[in-house]
Amino acid sequence: KAYVKKYGHTKVSQKLDTQEYPKLGSWVATQRRAYKSEQLRKAGKKPKTTNRISHIQVKRLEEIGFEWELAAANWERKFALLKTYVKEHGDTKVPVKFNTPKYPQLGGWVNNQRSSYKSEQLRKAGGKPKSNDRISDFQIAKLNSLGFEWSPKNRPAPAPAPAPAPAPCLLYTSD
């Protein structure tokens, strides 16, 4: 709770182990694994771990905004940024190295979605992609709802800035 109050989120690094937050990172990771195990049990599947978490513990963590699936939450945040980008720029052709305070690492994320999509297409065709990256049909549908371009043509490079006007020249003559 103190960490959330100070930092405003529950995205705690698994390695976080400080005097102020002793072993918090490993504890948070354990809670996430336990939650995942409980979800599998509810679905009638056998989890890989014996970790448990009660519904009361889940409720208490959710009351402070605990995020169980960081990857899913991050995907949704980046998708929201892309949605804003599309409203401003009119397309999903985000340059790969596009990274601004308003759109942190959006270009890399968009590139990863395209790469993950190609890997999924290869898997569906019976091939073995080089990457383990995954993208769900639901995520593909959400991206398609924005008019996502899976194989965009290269965005033209921005026009170079005009050359500065020459400085005025003063002529000195001797009398």
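The values are calculated or read from the model by the stated rules, or taken from the named source; none is laboratory data. All values reported here derive from a predicted model rather than from experimental measurement. Note that each Cβ is placed from the backbone with ideal geometry, even for glycine, and that neighbours are counted across all protein chains shown. All accessible areas refer to the heavy atoms of the entire protein, side chains included, with ligands and DNA or RNA removed. Shrake-Rupley method; radii C 1.70, N 1.55, O 1.52, S 1.80 Å.
Some notes on this structure:
- Legend: distances between Cα atoms for LYS42/LYS128; LYS11/LYS124; LYS48/LYS124; LYS93/LYS142; LYS6/LYS59; LYS11/LYS46; pairs beyond 24 Å are LYS42/LYS128; LYS11/LYS124; LYS48/LYS124; LYS11/LYS46.
- For the stretch 75-132, averaging the sequence separation of C-alpha pairs within contact (under 8 Å, six or more residues apart) and dividing by the residue count gives a relative contact order of 21 percent.
- Extending 7 Å from the Cα toward the beta-carbon at both ASN99 and ARG41 defines two label points whose distance is 4.2 nm.
- Cα centroid separation - the stretch 4-30 against the stretch 47-97, whole Å: 18 Å
- Estimated FRET transfer efficiency (ARG123, LYS23; beta-carbon r; R0 45 Å; 0.05): 0.70
- In the context of the full set of protein chains, residues of the chain present 74 Å² of accessible surface per residue (probe radius 1.4 Å, heavy atoms only).
- Summing Cβ point charges (Lys, Arg +1; Asp, Glu -1) relative to the Cα centre of the chain gives a dipole of roughly 1220 debye.
- Cross-link partners for LYS1 among the aspartates and glutamates, with Cα-Cα distance under 17 Å and sequence neighbours closer than 8 places in the same chain left out: ASP17, GLU20, GLU62, GLU63, GLU67.
- Set against the 2.2 N^0.38 Å expectation for a compact globular protein, the stretch 51-125 has a Cα radius of gyration ratio of 1.48.
- Rounded FRET efficiency, nearest 0.05, which uses the C-beta distance separating SER131 from ILE64 and R0 of 30 Å: 0.30
- Label-point separation, ASN74 to ASN51 (7 Å along Cα→Cβ), nm: 1.7 nm
- Rounded percent of accessible protein surface that carbon and sulfur make up, the stretch 69-160, 1.4 Å probe: 55 percent
- In Hz, Karplus ³J(HN,Hα) per residue of the stretch 23-29 (6.51, -1.76, 1.60; θ = phi - 60°; x = Gly, Pro): 6, 4, x, 5, 5, 4, 4
- For the chain, the share of alpha carbon pairs falling in successive 5 Å distance bins from zero is 1, 6, 11, 12, 13, 13, 12, 10, 6, 3, 2, 2, 2, 2, 1, 1, 1, 0, 0, 0, 0 percent.
- Positive dipole terminus of the stretch 19-58, leading residue within TRP27, ASN51, LEU40 (C-beta point charges): LEU40
- Area of LEU24 that stays accessible when all protein chains are in place (1.4 Å probe, Å², to 10): 40 Å²
- Estimated 222 nm signal from helices in the chain, with DSSP H stretches of n ≥ 4 weighted -39500 (n - 2.57), rounded to 500: -15000 deg cm²/dmol
- Sequence-separation-based contact order of the chain, relative, with Cα cut under 8 Å and 6+ spacing, percent: 12 percent
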